[in-house]
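> Mind having a look at this structure? Questions to follow.
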Amino acid sequence: MQFIRLVPLLGVIISPLLAAAEKPNIVLLFADDLGRYASAYANPAQPSPNDIIRTPVFDRIAAEGARFDHAFVSVPSCTPSRGALYTGRHFFRNGSFSQLHSRWVKGMPDPSDAIVGMPVALQRAGYHIGWSHKSHIPERLLGGKQRHYAPAGARINSFSEQVTKNPKAREQIFGEVRKNFQAFLADRKDSQPFFYSFNPTNTHRTWVRGSGKALWGLAPEALKGKLPPFLPDNEVVREDVADYLGEAMAFDAACGVILDELAALGELENTIIVISGDHGAPGFPRGKCNVHDFGSGVLLSIRWPKKIEAGRVVKAPVSLIDLAPTFLAAAGTTSVDDPDGQNLLPALGPEGDDRKLRGHALIGREVHVGGAREGYMPYPVRALRTAEFLYVRNFKPDRWPMGDPKSAAGEAVPSDKVLEDTRSTFADMDASPTKTWLIKNRFNDGLESILRDAWEKRPEEELYILKHDPHQIRNVAGDSAHAATLEKLRGQLMAELKAKKDPRLTDDFDRPPYLDTSRE
């Protein structure tokens, strides 16, 4: 009788272990402010900065898995972008973390309080979870502060500063990356599957001027003729871009350390590897905070041997809100957060087809830098990015998209009176050598279109035909020849915003609880 009773008990004990062994590990390698920059994206027919960057780790993941040529964030601002990724929801559905530097009224009901998030859902499914470095969202969504692993240090976040001062710091920093990952793994129980998110911030400013060439051999002059047309092609801007690409190469090298550790542990083949970033480049026109491709398009590759076809190239637009449903599906569980994203896996196997995907990305933003506009007002914009078009709706075209023009003292002034303090004026664009140059030379002939794209007020609607205008600089929204397309995309965007109850449709982002007007 004892034996008979032990058999079902043994089954109860063993079954979860077998189930755990079948679940893949998931490693998300997630850069700060890194747009779509990797050597795998180089295209001889379309000169770009990707022609000079070298990212062997991203390229490997793309070659052994899938590369996404049109991946977009939900919002080109760090907190809401990361919140959307970890929940799988459009950013505007995430309550107090739908904006950076939130002015949520304390004590008022917050829709985000009920959100569980993808990492915790994985934890409930038996995963060991953790992250290193940046979170910028409520830590409970990542399992709590105790799930943060950086005991060896965080010098990767200031890579060029550290290595410029001390060349030996390069290997020391990569050693810290390894040790932080090892510390995370040390808390793993037996063969427990794990989710780990590596979130360094070195691709966020500031980085050392000239470091792209000094540390990575990226000659600024090699970028001549390869910059998008909304950037001045001069020595200052080319050096700024080269330095940015150098930090991207440092991120790629750090990702390689984690892959090496996975291989050494024998875990690489049972691990989903994802490399991406939270939005586009900081401190450049049309970059971070903009819904155009330069600001919202990001690199994305996913590797999962035997599940994702090697060399798969996805041309259809996807959104990073799709990662949470994808990870949960791979782990054999689902989200309780009513996600808007879709599971990408059915499109990535041997029978994969882009037509299985949604085929568009919804992008937008509200507050980025808190005091960028008078009264702490956001810049409300939503966009629909399809394979053929980018449609943009600027809900408050009377507001400055990159923040109010200000003097060095922080006082509002006419746009032609701004001084060379690159932090206080147009504050939604990060301070940078490029921004300083633009402000200093704003009266030069030939810069009118660049300054317009950088920070001038924008029309209520924008429409770009990507086949003829890949850099999205010719707005045809006012052209009667494209009226039907404009009407169709406008209707599609507004229908989705209404279906998802976007608070912007009733201007709720301009008042409590989204905006605490009682605070100075």
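Where a number appears in this text, it was derived from the coordinates with a stated rule and is not lab data. Predicted, not measured: the structure shown is a model, and the values here were computed from it. Quick reminder, even Gly has a Cβ in these numbers, built from the backbone with ideal geometry, and neighbours come from all protein chains shown.
> Please compute the net charge surrounding Q182, taking Lys and Arg as +1 and Asp and Glu as -1 over other residues with Cβ under 13 Å from its Cβ.
With Lys, Arg at +1 and Asp, Glu at -1, the neighbours total -2.
> Just the Cα atoms of the range 406-520, one point each, no solvent: what log10 I(q)/I(0) does Debye give at q = 0.12, 0.13, 0.14 Å⁻¹?
Ignoring solvent entirely, the Cα scatterers give -0.71, -0.81, -0.90.
> Sticking with this structure for a sec: Based on other C-beta atoms within 10 Å, arrange S211, S415, S135 from fewest to most.
With the sparsest Cβ surroundings first, the list reads S415, S135, S211.
> In what sequence do K168, K500 fall when counting other Cβ within 10 Å, fewest first?
Exposure proxy ranking, most exposed first: K168, K500.
> Further question on the same structure: Fewest Cβ neighbours within 10 Å first, please rank T87, T517, T79, T333 accordingly.
Final ranking by Cβ density, sparse to dense: T517, T333, T79, T87.
> Same structure again: Given R₀ = 25 Å, FRET efficiency for E411-T517 by Cβ-Cβ distance, to 0.05?
Once the sixth-power term is evaluated, E becomes 0.75.
> Right, another one. Going down the list K106/K396; K23/K306; K396/K457; K417/K457, which pairs span over 18 Å between their C-alpha atoms?
Beyond 18 Å: K106/K396.
> Pull out the extension gain between A329 and I465, defined as 0.36 nm times the separation in residues minus the alpha carbon to alpha carbon distance; nm, one decimal.
That works out to 45.5 nm of additional length.
> Along the charge dipole of the chain, Cβ charges K/R +1 and D/E -1, which of A383, W455, P414 sits furthest on the positive end?
Checked the options; the winner is A383.
> In debye, nearest 20: dipole of the range 22-361 around its Cα centre with unit charges on the Cβ of K, R (+) and D, E (-)?
It works out to roughly 440 debye.
> If I stretch the segment between Q492 and N444 completely, what's the gain in nm (0.36 nm per residue apart, minus their alpha carbon distance), one decimal?
Between Q492 and N444, full extension yields 13.2 nm more.
> Could I ask something else about it? log10 I(q)/I(0), Debye, Cα-only the range 272-364, no solvent, q = 0.11, 0.14, 0.17 Å⁻¹?
Values, matching the q order: -0.35, -0.56, -0.80.
> Give K179/K307; K168/K213; K467/K488 a once-over and call out the pairs whose C-alpha atoms are over 21 Å from each other.
Long pairs (Cα-Cα over 21 Å): K179/K307.
> Hey, could you pull the Cα Rg and Dmax for the range 22-361, both in Å?
Cα radius of gyration and Dmax of the range 22-361 are 19.0, 56 Å respectively.
> Express in whole angstrom the spacing between the alpha-carbon centres of the range 350-368 and the range 121-180.
29
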